[in-house]
């Protein structure tokens, strides 16, 4: 199964790099090369996000909501998880700033403004980085696809320290 995930992970990495470039160009007020082709990044999210959601649903099937990201990214190195959380926080801040500043701008006719691209590219970075990290985790931690059981055979949450059925301590 992991070999199927590699092309999607690579596409997510490329999408992330392109969305960072679009974001930096928008911050500098420079129109991206290719003009309206930058909006293809919007559609590209679905190409990588659908497999990432399917994988995350499978790998986190026994975990609670509060442990979703902990389990989904458990195959990632610590630095990658931290970078993902920083990008996610940045996307929220970027969106708030975009919402505040876009309210004062006239509606663009034709090509989107640098402000509009900046607003969207923050989300692109978050979604592409999430897809990359989820797929990376699934590739490098195949145990996430297996059921975790206590010594008495009860299926337990991958993040659990004790079996909820019998109270057995888990390694």
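The values are calculated or read from the model by the stated rules, or taken from the named source; none is laboratory data. Bear in mind that the values here come from a model prediction, so they are computed numbers and not experimental data. For neighbour counting, all protein chains shown are included, and Cβ atoms are generated from backbone atoms with ideal geometry for every residue, glycine included.
Exactly one residue out of 150, 166 is more than 30 Å from residue 83 (Cα to Cα), free of Cβ contacts under 8 Å to residues at least 60 places away in the same chain and surrounded by 15 or more Cβ atoms within 10 Å (Cβ to Cβ): that is 150. Only residues that are surrounded by 20 or more Cβ atoms within 10 Å (Cβ to Cβ) and either modelled with pLDDT under 85 or in contact with a strand residue (DSSP E or B) (Cβ under 8 Å, 6 or more places away or on another chain) (or both) were counted in segment 115-147, giving 1.
Would it be correct to say that residue 43 is modelled with pLDDT of 90 or more and surrounded by 12 or more Cβ atoms within 10 Å (Cβ to Cβ)?
Working: modelled with pLDDT of 90 or more: yes; surrounded by 12 or more Cβ atoms within 10 Å (Cβ to Cβ): no.
So residue 43 fails the test.
The condition (being under 15 Å from the mean Cα position of the chain (by Cα) and part of a helix (DSSP H, G or I)) is satisfied by just one residue among 95, 84: 84.
Could you identify the single residue in 91, 103 that is loosely packed, with under 14 Cβ neighbours inside 10 Å, without any contact (Cβ under 8 Å) to a residue 40 or more places away in the chain and either in contact with a strand residue (DSSP E or B) (Cβ under 7 Å, 6 or more places away or on another chain) or more than 30 Å from residue 164 (Cα to Cα) (or both)? I'd like the intermediate steps shown before the answer.
Values: 91 fails: loosely packed, with under 14 Cβ neighbours inside 10 Å.
Step by step, each of 91, 103 is checked, and only 103 is loosely packed, with under 14 Cβ neighbours inside 10 Å, without any contact (Cβ under 8 Å) to a residue 40 or more places away in the chain and either in contact with a strand residue (DSSP E or B) (Cβ under 7 Å, 6 or more places away or on another chain) or more than 30 Å from residue 164 (Cα to Cα) (or both).
Residue count for segment 153-163 satisfying the condition of being crowded, with 18+ Cβ neighbours inside 10 Å and more than 29 Å from the chain's Cα centre (by Cα): 1.
The set of residues in segment 50-80 that are surrounded by 14 or more Cβ atoms within 10 Å (Cβ to Cβ), touching a helix residue (DSSP H, G or I) at 6+ places or on another chain (Cβ under 7 Å) and part of a helix (DSSP H, G or I) comprises 51, 52, 55, 56, 59, 71, 72, 80.
This table checks each residue for (1) under 18 Å from the mean Cα position of the chain (by Cα); (2) over 12 Å from residue 118 (Cβ atoms).
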site: 3; (1), (2): no, yes
site: 6; (1), (2): yes, yes
site: 19; (1), (2): yes, no
site: 29; (1), (2): no, no
site: 33; (1), (2): no, yes
site: 38; (1), (2): no, no
site: 43; (1), (2): yes, yes
site: 47; (1), (2): yes, yes
